[in-house]
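The values are calculated or read from the model by the stated rules, or taken from the named source; none is laboratory data. Computed from a predicted model, the values in this text were never measured in an experiment. Glycine gets a Cβ as well: all are built from the backbone with ideal geometry, and neighbour counts include every protein chain shown. In case anyone asks, the SASA skips ligands and DNA or RNA and just uses the protein heavy atoms, side chains included. Shrake-Rupley method; radii C 1.70, N 1.55, O 1.52, S 1.80 Å.
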Amino acid sequence: MTDAPPATTPLVALKDIHKTFGAVSALRGVSIDVMPGETFALLGDNAAGKSTLMKVLTGVYQPDRGSIELDGKATAFPTPSASRDQGVEMVYQDFALADNLDVRTNIFLGREPQKNILGPLLRIIDRKKMESETKRVLERLDIPINPRLKVKRLSGGQRQAVAIGRALAFDARLIIMDEPTANLSVAKVDKLIEVTQRLKDLGIAVIIITHRLDEAFAVADRFAVMRQGQVVGRFRVGEVSEAQVAHLISHGTLDDYVDHGSGIPEDRRKIGSTSSMETVDAFSARGTTNGSDS
């Protein structure tokens, strides 16, 4: 029995996305793609356009120009519920949880399962199913939490697990995490890495929005660097150093980068320049093809 060939069609692809707010061009021709089961990091400083791009993907904003593809087919997300229906979920920086409600209610908030009482004329919330499903999704993340605990009693890491569990409860195929370690202690960051790996094992793709390079290098397979509403570089982890990425974030080019012993060969230092409005992929420049960033 031979192994199945690796996936070559991106799970999701955003192509030539433009978005303006009045006179401000928030996104200027941004293109990225994410493969099934891949962890993809979106890097950049504040106001680089990272969150705006993800709000386009989740249906919060509509692009002025450009297209979105899911499984290689053109699609559109006119509302956040439309993106969730297609398996795209977002975990916000503040986790968007209700502190006064318990874990199971937060996971199913707005999408509570119901059961019939005295026939179809009377329906009530099925709390037993909510509790069993909550246990199931948290076990998949290997994070034991009592489903009846109030969220206000949970730590930052536990709150994040609940937010991720909420996505898993509705068969997410892609989970977007906005600055996932912003509200976590140092000890909990390691747990996030474990959770991200577990999502990968489950075949779920992850996009991490972050400005922390150590975080991206620890969990991501590939990453894109954004600056002033454009993608200025795409790389696989290991192709460039953190110092190079930091320089790219601040300058938009590596043309003037001085290597102080990073150990990265010169031919792997491929960049995109905001002056030329072009982006060069490090891995595609070497002639490799893997179906990404096409």
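Note down the relative contact order for segment 9-72 as a percent, whole number, built from C-alpha pairs under 8 angstrom at least six residues apart.
On the way: 104 pairs, mean separation 30.8, N = 64.
Relative contact order for segment 9-72 comes out at 48 percent.
With +1 on each Lys and Arg Cβ and -1 on each Asp and Glu Cβ, how big is the dipole of segment 103-170 about its Cα centre, in debye rounded to the nearest 20?
On the way: 16 positive and 6 negative charges, 44 e Å.
Charge dipole of segment 103-170: 220 debye, to the nearest 20.
Using a basic spin-label model with each label point 7 Å from the Cα along Cα→Cβ, how many nm lie between Val24 and Asn100?
Result for the modelled spin labels: 3.3 nm.
To the nearest µm²/s, what D does Stokes-Einstein give for segment 103-170 at 4 °C and 1.567 mPa s, using the Kirkwood radius over alpha carbon pairs as Rh? Please list the in-between numbers first.
Working: Rh = 12.4 Å.
D, rounded to a whole number, is 104 µm²/s.
What is the Cα centroid distance between segment 97-122 and segment 220-255, reported in whole angstrom?
44
So what J values fall out for segment 223-232 if you push phi through Karplus, 6.51 cos²θ - 1.76 cosθ + 1.60 with θ = phi - 60°, rounded to Hz, Gly and Pro as x?
8, 10, 9, 10, 8, 6, x, 10, 8, 10
Once R0 is set to 45 Å, what does the formula 1/(1 + (r/R0)^6) return for the Cβ-Cβ distance between Arg148 and Thr8, expressed as a FRET efficiency to the nearest 0.05? Walk me through the numbers on the way to the answer.
Working: r = 45 Å, r/R0 = 1.00.
It comes to 0.50.
Of the beta bridges DSSP finds with both residues in segment 108-218, what % are antiparallel, to the nearest 5?
Details: 4 of 9 bridges.
Expressed as a percentage, antiparallel bridges in segment 108-218 total about 45.
Is segment 23-84 rounded, prolate or oblate when judged by the Cα gyration tensor, a ≥ b ≥ c being the square roots of its eigenvalues, rounded requiring a/c under 1.5 and prolate requiring a/b larger than b/c? If you can, show how the numbers build up before the last one.
Details: a/c = 1.67, a/b = 1.18, b/c = 1.42.
Because a/c hits 1.5 or more and a/b fails to exceed b/c, segment 23-84 counts as oblate.
To two decimal places, what compactness ratio does segment 110-214 give when its Cα radius of gyration is scaled by 2.2 N^0.38 Å?
Numbers: Rg = 15.9 Å, N = 105, 2.2 N^0.38 = 12.9 Å.
Relative to the 2.2 N^0.38 Å estimate, segment 110-214 comes out at 1.24.
In segment 8-53, with Lys and Arg counted as +1 and Asp and Glu as -1 at Cβ, which of these residues, Leu11, Val24, Pro36, has the Cα nearest the positive end of the dipole, that is, farthest along it?
Val24
Using packing as a proxy for protection, rank 202-209, 79-86, 229-236 so that the peptide with the highest average count of other Cβ atoms within 10 Å comes first.
Numbers: 202-209: 21.5, 79-86: 15.5, 229-236: 24.0.
Result, highest mean Cβ count within 10 Å first: 229-236, 202-209, 79-86.
Report ³J(HN,Hα) in whole Hz for each residue of segment 98-103, in order, from the Karplus equation J = 6.51 cos²θ - 1.76 cosθ + 1.60 where θ = phi - 60°; Gly and Pro get x.
Per-residue couplings from phi come out as 9, 4, 7, 10, 7, 4 Hz.
When the solvent-accessible surface of protein heavy atoms is calculated with a 1.4 angstrom probe, in what order do Phe95, Phe170 fall, highest first?
Numbers: Phe95 10, Phe170 55 Å².
Largest to smallest exposure gives the sequence Phe170, Phe95.
What distance in nm lies between label points placed 7 Å from Cα along the C-beta direction at Ser250 and Tyr92?
Each label point lies 7 Å from its Cα, and together they span 3.3 nm.
Which of the peptides 59-70, 43-54 is most tightly packed, and how do the rest follow, going by the mean number of other Cβ atoms within 10 Å of each residue?
Ranked by mean Cβ neighbours within 10 Å, highest first: 43-54, 59-70.
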